[in-house]
Amino acid sequence: MKRQSTSLLLAGVVALFFICLFAGSALAAGAQLCSKNETPCTVDYPSGTKVEFSLSAGTKLKKFTELVTPVRECSGFTMSGSTAGTGSGTTPVEVPLSTVEFTGCTCPVTVLSKGRLIIENIPGTMNAKVRWAGFEIKEKCSSPETECILGPEASKGIFLRGGAEPVVTFEYAVIPIKSGYGLCGNLEWSSTNAVATPKPLYISGASGESFSGGGVFCRWELGGTPCFPVIPRTFGSGTSINAKLKAGTTSVLNAGFPIVKCEESSLSGEVQDPGSSTEPIVGALSVWTFGGCNCKVTVPSAGNFSVDWTSGQNGALILSGFETKAECGSKECIFGSSVKEGVTFVGGNPAAIKVAAAPVPKKSGIAECNSSAEWAAEYEVTAPKPVYVGEK
């Protein structure tokens, strides 16, 4: 989360909240594969490093579709290839695939084109979102008679989660339909895959900012416990989050030179990482506007955000890497970096983002600017509705 002056903070919070989410935001999509948990990476794996993963013991690859029941499954699934380059803070790591294998499947699967994996760091984490590009697979079922060609790119819902024992997860990853006949439709894949090599494995980015916690955005609430167990019960990567200043309220940033007030503000963003029981929701803000202000408020850089479940259906929002500027006549101050307290995502229909005395650091500007301004605001989440924060 991140944003300008008073609004900046609030916008950031929204961004965070909407987490809104791992990828249509304006973030550098770089990565490096590291053997140590550090950003930036100082000890990375060289070009040509083999990357291999397969289904975790006792698990299956599950394929969900609205057109066919029961769920299709494969008892075996393996991908491997070698890195082409080392990546950087702004360049992703690509892995041309030499092996893509499916075994023990409900319907036979033929790999027509293996494609490649594109690995991009999720800012604030040592994890990555993964795109599977240039692939083509055929799945043929006898009952009912169906032949579907899937491809050419899966861009949402695939993650590489770093650690001493790294895993690649397909979290209801959308696998698009390219052509076919019978009951063909986009599939959502779900699986947990253990990385055999390299390990340990951490995915470094360009920033040392770190998010922590755990939580997910839920679609339903039941008996006070979010995330009613229906598939899909959580909002996944790529979910758009939109919010606007609550009607009749004002965003106020006590910047000290003067107090900056705005009567209008709206935010839009996207979830990059939908989170888990041990990792927060992470996203980025793409649109942040302010209007009706007593000073000119702009957002040179939006930044990143995370949401960490706290209790009930609520969570704490953190904004990072943002920059907002307030210009009042000849006076100018820039605020930003990170906001780590005072911002709450309140689940509901609609949900809300509440900011109370949240400290916003000063980056530069005249002496009259408070070194740590305080921001207060309340946003209404316009999409999705409803949305709750829950444990997973």
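The values are calculated or read from the model by the stated rules, or taken from the named source; none is laboratory data. If you're wondering where the values come from, they're calculated on a predicted model, not measured in any experiment. FYI the Cβ positions are ideal-geometry reconstructions off the backbone, even for glycines, and counts take in every protein chain you see.
Below are the figures for this structure:
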{"quantity": "The stretch 154-167 - residue that is under 21 Å from residue 239 (Cβ atoms) and part of a strand (DSSP E or B) and, of those, farthest from the chain's Cα centre (by Cα)", "calculated": "154"}
{"quantity": "Cross-chain or 6+ apart pairs with Cβ under 8 Å, the stretch 319-332 first and surrounded by fewer than 24 Cβ atoms within 10 Å (Cβ to Cβ), then acidic (Asp, Glu) and modelled with pLDDT of 90 or more", "calculated": "325/332"}
{"quantity": "Out of 335, 322, sole residue that is under 21 Å from residue 250 (Cβ atoms), of a type in the set (Phe, Trp, Tyr) and modelled with pLDDT under 90", "calculated": "322"}
{"quantity": "Condition check for residue 279: acidic (Asp, Glu) and either part of a strand (DSSP E or B) or more than 22 Å from residue 338 (Cα to Cα) (or both)", "calculated": "no"}
{"quantity": "Count of the stretch 171-180 residues which are under 22 Å from residue 270 (Cβ atoms) and either surrounded by fewer than 21 Cβ atoms within 10 Å (Cβ to Cβ) or at pLDDT 95 or above (or both)", "calculated": "3"}
{"quantity": "Of residues in the stretch 335-355 being of a type in the set (A, V, I, L, M) and surrounded by 21 or more Cβ atoms within 10 Å (Cβ to Cβ), the one nearest to residue 389 (Cα to Cα)", "calculated": "351"}
{"quantity": "Selection from the stretch 254-282 of residues that are under 19 Å from residue 158 (Cβ atoms) and surrounded by 18 or more Cβ atoms within 10 Å (Cβ to Cβ)", "calculated": "270, 271, 272, 273, 274, 275, 276, 279, 280, 281, 282"}
{"quantity": "Subset of the stretch 173-216 (residues that are of a type in the set (Val, Ile, Thr) and over 29 Å from residue 149 (Cα atoms))", "calculated": "197, 203, 216"}
{"quantity": "Where residue 261 falls short, out of the listed (1) in a strand (DSSP E or B); (2) under 22 Å from the mean Cα position of the chain (by Cα)", "calculated": "(2)"}
{"quantity": "Of all residues making up the stretch 313-350, the number that are part of a strand (DSSP E or B), out of contact with any Gly (no Cβ under 9 Å at 6 or more places or on another chain) and under 26 Å from residue 234 (Cβ atoms)", "calculated": "1"}
{"quantity": "Selection count, the stretch 72-102, where residues are buried (at least 18 other Cβ atoms within 10 Å of the Cβ), polar (S, T, N, Q) and out of contact with any Phe, Trp or Tyr (no Cβ under 8 Å at 6 or more places or on another chain)", "calculated": "1"}
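One line per residue, one yes/no per condition, for (1) at pLDDT below 95; (2) crowded, with 18+ Cβ neighbours inside 10 Å; (3) farther than 18 Å from residue 88 by Cα; (4) touching a Pro at 6+ places or on another chain (Cβ under 7 Å):
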{"site": "122", "(1), (2), (3), (4)": "yes, yes, no, no"}
{"site": "130", "(1), (2), (3), (4)": "no, yes, no, no"}
{"site": "137", "(1), (2), (3), (4)": "no, yes, yes, no"}
{"site": "142", "(1), (2), (3), (4)": "yes, no, yes, no"}
{"site": "153", "(1), (2), (3), (4)": "no, no, yes, no"}
{"site": "157", "(1), (2), (3), (4)": "yes, yes, yes, no"}
{"site": "160", "(1), (2), (3), (4)": "no, yes, no, yes"}
{"site": "163", "(1), (2), (3), (4)": "yes, no, yes, yes"}
